[in-house]
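Chemist: One structure follows; several queries about it will come next.
The values are calculated or read from the model by the stated rules, or taken from the named source; none is laboratory data. What you see is a predicted model, and the numbers here were worked out from it, not measured in a lab. All Cβ positions, even for glycine, are placed from backbone atoms using ideal geometry, and neighbour counts span all protein chains on display.
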Amino acid sequence: MRKRPNYLAGLGSSIWLLVVAIPIYVLITASFQTQQGYASGGPLSLPSTFTLDNYTNAFESGFGRYFLNTFVVTFSVVGLVLVLVPPLSYAIVRGNSRATRGVFQLFLLGLAVPSTAVIVPIFYMISNVGLYDNLLGVILPTAAFALPVSTLILSGSMRDITPELYEAMAVDGATPLRTFFRLVIPLSKGGISTIVVFSALQAWNGFLFPLILTQSEQTRMITLGLFNFQTQYGVNVPALLAAVMLSMIPVLLVYLFARRALVQGLMGMGGK
Amino acid sequence: MTALAPRKRSTRLGGPSVGRPGFVWAAPATLFFGLFALFPLVLVVVLSFTAWSGLGDPRFIGLDNWVAIFDDPILFKSLGLTVLFVVLALVTQVPLSILLGVWAAGFQKNRAVLSAIYFIPLLLSSAAISVLWRALLDPNFGIPGQVPFLFGDGNLFGKQSTAIGVLTFVAMWQFTPFYTLIFQGAARAVPPVLYQAAEIDGAGTVRQFFNVTLPQMRNSIITSVILMVVGGLTAFDTVLILTNGGPGTDTAVTPFYMYQKAFRAFDFGQASAIAVVLVLAATAISLVLVRVSGYGKMQSAQEGI
């Protein structure tokens, strides 16, 4: 775009690099230090001690359980999204009844519903059906709030399939079911992996619904575990930061291996 | 339902309507979404006219909650704080993310590497970010103690002004990467021919930025502002973990206050009334922004993309 180097921009971007990188540096180094080492050296020094105790401590304090719960919720949310969104997007893109057009408007409208605003009625509904403090109670609203963005992303990628391909299927006498599995699904793999990553991230990092819908140790998810950990171990910074590290490792792995889908999934949050 | 109605022979999407999916394909997702996202929006209005403590059934009490919240000085204080936080978020995040986004839109190798690092805060949950910054800014074991010339006595959570500063800064740290990503995409979508034309006219880098890049990114800027406003009006997770609304109620923004009313004071009726106020405010501001900016016209031109 520009030919000569822009020194001012270079300076600004380096400052922002420091702002982003320093906390990450402290996060990583502190989590491998002893509490004494960290307290005497301070957060910005080079680490003087090395230990893995913080990580083993985190697991001893129940983080294994929190991990399991978070995995269960994440997989279920992704499962629900995968079952519900592809048929919906197919209907939105190819359906020509008035109802399917209305549905798209409905989901566009749904983009604007902030989840904070409905925590009281969600709490009311979930406790009334006896799902309070049950992971299923967290899964259902989390999946519902992942639907509008996922639908927007996937219907966008399904629109890229050319009408000629649909016509060819129709000429062969294919039913919608056959068209869906033979044509639509194989050709929208990119969009599908984006919505998988997006909804997984939503569920993994979700805080609001676990906060208001669960209570006991047995149903605690990792984000809530961090919050609880802070009130318990507020002064033990290395232990706390090791827990933060653990919570982000699966996301980092996804970042390394599915960067494209992740970036697109995050941009999809633009709809949120 | 409508699925059984005879399909119209529309050629809107080209081709015959043989083999078109009916409403039945959309029904499961629509019902699910209606039940857990749209129905609660109606229910919250209903609950705002009831008294409910979380146990037993809500009791209809007419306008009492509404009368009570309009007579609640803490609510008005929280609304003022919320507006302040939204304004601070806008003035810090919009310019920064536009500059970073335009910068990151360049295809140089070093920019790609740095963009990958800038991206990291986006991967962390709000809970992780809040816990991390709470630890980093700890008065005794954190960064303020190590660089006293920057932070004075180091207790940033003890005063309203510094606590607001911390929350604004953490919000910036958390959300700038996301908006940077949006503006990076927008800057890359500017047709290169416009820059070539500007160059022929003798415009330098700065003039090109103000006269080509910014106007071309208009839609993205409006979208981002709307997202920041709606997000700022409704998010409270960082407040809950970083300051817990304190000192006192000095950082208790309205959504946090609503959460407290509901899940700590167990006054779910009043909390619902506050939630309705928030939804109305967010919707009204978004509509005004869309109207004033003329975004609606452009959006309808792109509808369905």
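Chemist: With respect to A:Thr151, is the statement that it is closer than 20 Å to A:Leu88 by Cα, facing chain B (nearest Cβ under 9 Å) and touching a Phe, Trp or Tyr at 6+ places or on another chain (Cβ under 8 Å) true?
Modeler: So A:Thr151 fits the description; yes.
Chemist: Ok, one more. If a residue has to be assigned to a helix (DSSP H, G or I) and either surrounded by 13 or more Cβ atoms within 10 Å (Cβ to Cβ) or touching a helix residue (DSSP H, G or I) at 6+ places or on another chain (Cβ under 7 Å) (or both) to count, how many in region A:255-265 make the cut?
Modeler: 7
Chemist: Let me ask something else. Out of region A:160-176, which residues are part of a helix (DSSP H, G or I) and of a type outside the set (Ser, Thr, Tyr)? I'd like the intermediate steps shown before the answer.
Modeler: We begin by selecting, within region A:160-176, every residue part of a helix (DSSP H, G or I); these are A:163-171, A:176.
Hits for region A:160-176 are A:Pro163, A:Glu164, A:Leu165, A:Glu167, A:Ala168, A:Met169, A:Ala170, A:Val171, A:Pro176.
Chemist: Given the structure, is B:Ala135 under 23 Å from the mean Cα position of the chain (by Cα), crowded, with 21+ Cβ neighbours inside 10 Å and either within 7 Å of chain A (Cβ to nearest Cβ) or not hydroxyl-bearing (Ser, Thr, Tyr) (or both)? Please lay out each step first, then the result.
Modeler: On the way: under 23 Å from the mean Cα position of the chain (by Cα): no; crowded, with 21+ Cβ neighbours inside 10 Å: yes; either within 7 Å of chain A (Cβ to nearest Cβ) or not hydroxyl-bearing (Ser, Thr, Tyr) (or both): yes.
No: the conditions fail for B:Ala135.
Chemist: Right, another one. Within region B:285-296, is there a residue that is in a loop (DSSP other than H, G, I, E, B), at pLDDT below 95, more than 30 Å from B:Val102 (Cα to Cα) and over 18 Å from the mean Cα position of the chain (by Cα)?
Modeler: no
Table: residues versus (1) buried (at least 18 other Cβ atoms within 10 Å of the Cβ); (2) among the polar types (S, T, N, Q); (3) farther than 13 Å from B:Ile274 by Cβ.
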| residue | (1), (2), (3) |
| --- | --- |
| B:Ile69 | yes, no, no |
| B:Leu81 | yes, no, yes |
| B:Ala89 | yes, no, yes |
| B:Val94 | no, no, yes |
| B:Val102 | yes, no, yes |
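Chemist: Within region A:242-262, track down each residue that is of a type in the set (Gly, Ala, Ser) and within 12 Å of B:Leu123 (Cα to Cα).
Modeler: Within region A:242-262, just A:Ser247 meets the criteria.
Chemist: May I ask you to say which residue of B:Phe256, B:Phe236, B:Phe151, B:Phe210 is of a type outside the set (A, V, I, L, M) and under 14 Å from the mean Cα position of the chain (by Cα)?
Modeler: Exactly one residue qualifies, and that residue is B:Phe236.
Chemist: Regarding B:Gln216, is this residue within 12 Å of chain A (Cβ to nearest Cβ) and more than 23 Å from B:Ala282 (Cβ to Cβ)?
Modeler: On the way: within 12 Å of chain A (Cβ to nearest Cβ): no; more than 23 Å from B:Ala282 (Cβ to Cβ): yes.
No: the conditions fail for B:Gln216.
Chemist: One residue is enough: does region B:150-159 have a residue meeting the conditions in a helix (DSSP H, G or I) and over 20 Å from A:Ala243 (Cβ atoms)?
Modeler: Residues of region B:150-159 in a helix (DSSP H, G or I): B:150-151.
So of that shortlist, the ones also over 20 Å from A:Ala243 (Cβ atoms) come out as B:150-151.
The answer is yes, given that some residue of region B:150-159 is in a helix (DSSP H, G or I) and over 20 Å from A:Ala243 (Cβ atoms).
Chemist: Just name the residue that is nearest to the other protein chains (Cβ to nearest Cβ) out of those in region A:224-238 that are surrounded by fewer than 22 Cβ atoms within 10 Å (Cβ to Cβ) and over 16 Å from A:Phe67 (Cα atoms).
Modeler: My answer is A:Gln230.
Chemist: Keeping to region B:227-247, report how many residues are part of a loop (DSSP other than H, G, I, E, B), in contact (Cβ under 8 Å) with a residue 60 or more places away in the chain and more than 10 Å from every other protein chain (Cβ to nearest Cβ).
Modeler: Residues in region B:227-247 being part of a loop (DSSP other than H, G, I, E, B), in contact (Cβ under 8 Å) with a residue 60 or more places away in the chain and more than 10 Å from every other protein chain (Cβ to nearest Cβ): 3 in total.
Chemist: Now, a different point. Are there any pairs, at least 6 apart or on different chains, whose C-beta atoms fall under 9 Å, with the first in region B:110-129 and within 7 Å of another protein chain (Cβ to nearest Cβ) and closer than 16 Å to A:Thr74 by Cβ and the second acidic (Asp, Glu) and part of a helix (DSSP H, G or I), and if so, which?
Modeler: Cβ pairs passing all conditions: B:Ser125/B:Asp237; B:Ala127/B:Asp237.
Chemist: Out of the residues in region A:194-216 that are over 15 Å from A:Met248 (Cα atoms) and aliphatic (A, V, I, L, M), state the one that is farthest from the other protein chains (Cβ to nearest Cβ).
Modeler: A:Val196
Chemist: Follow-up. When you scan region B:83-109, how many residues do you find that are at the interface with another protein chain (Cβ under 7 Å from one of its Cβ atoms) and in contact with a Ser or Thr (Cβ under 8 Å, 6 or more places away or on another chain)?
Modeler: So the answer is 2.
Chemist: Looking for whichever is of a type in the set (S, T, N, Q) and touching a residue at least 40 places away in the same chain (Cβ under 8 Å) here; the options are B:Ser224, B:Ser220, B:Ser161. Which one fits?
Modeler: Among B:Ser224, B:Ser220, B:Ser161, only B:Ser224 is of a type in the set (S, T, N, Q) and touching a residue at least 40 places away in the same chain (Cβ under 8 Å).
Chemist: Within region B:248-271, restricting attention to residues that are assigned to a helix (DSSP H, G or I) and among the polar types (S, T, N, Q), which residue is surrounded by the most Cβ atoms within 10 Å (Cβ to Cβ)? Please lay out each step first, then the result.
Modeler: Quick first cut of region B:248-271, residues assigned to a helix (DSSP H, G or I) only: B:254-263, B:268-271.
Narrowing further to those that are among the polar types (S, T, N, Q): B:254, B:260, B:270.
Numbers: B:Thr254: 27, B:Gln260: 21, B:Gln270: 25.
That would be B:Thr254.
Chemist: Taking region A:116-148 as the search range and keeping residues that are polar (S, T, N, Q) and free of Cβ contacts under 8 Å to residues at least 12 places away in the same chain, which one is nearest to the other protein chains (Cβ to nearest Cβ)?
Modeler: First, the residues of region A:116-148 that are polar (S, T, N, Q): A:116, A:127-128, A:134, A:142.
So of that shortlist, the ones also free of Cβ contacts under 8 Å to residues at least 12 places away in the same chain come out as A:127-128.
Working: A:Ser127: 8, A:Asn128: 9 Å.
Here the answer is A:Ser127.
Chemist: What are the pairs, 6+ residues apart or on separate chains, where a residue within region B:23-35 that is facing chain A (nearest Cβ under 7 Å) has its Cβ under 7 Å from a residue that is among the polar types (S, T, N, Q)?
Modeler: B:Phe23/A:Ser97; B:Phe23/A:Thr100; B:Phe23/B:Thr2; B:Ala26/A:Thr100
Chemist: Of the numbered conditions (1) within 23 Å of B:Trp25 (Cα to Cα); (2) touching a Pro at 6+ places or on another chain (Cβ under 7 Å); (3) without any contact (Cβ under 8 Å) to a residue 60 or more places away in the chain; (4) crowded, with 21+ Cβ neighbours inside 10 Å, A:Val103 satisfies every one except a single condition; which is it?
Modeler: Exception for A:Val103: condition (2).
Chemist: Still on this structure: Could you look through region B:48-78, keep only residues that are among the small types (Gly, Ala, Ser) and in a helix (DSSP H, G or I), and pick out the one that is modelled with the lowest pLDDT?
Modeler: Step one: of region B:48-78, the residues among the small types (Gly, Ala, Ser) are B:48, B:51, B:53-54, B:56, B:62, B:68, B:78.
Okay, now just the ones that are also in a helix (DSSP H, G or I), so B:68, B:78.
Details: B:Ala68: 91, B:Ser78: 94.
Of everything passing the filter in region B:48-78, B:Ala68 is modelled with the lowest pLDDT.
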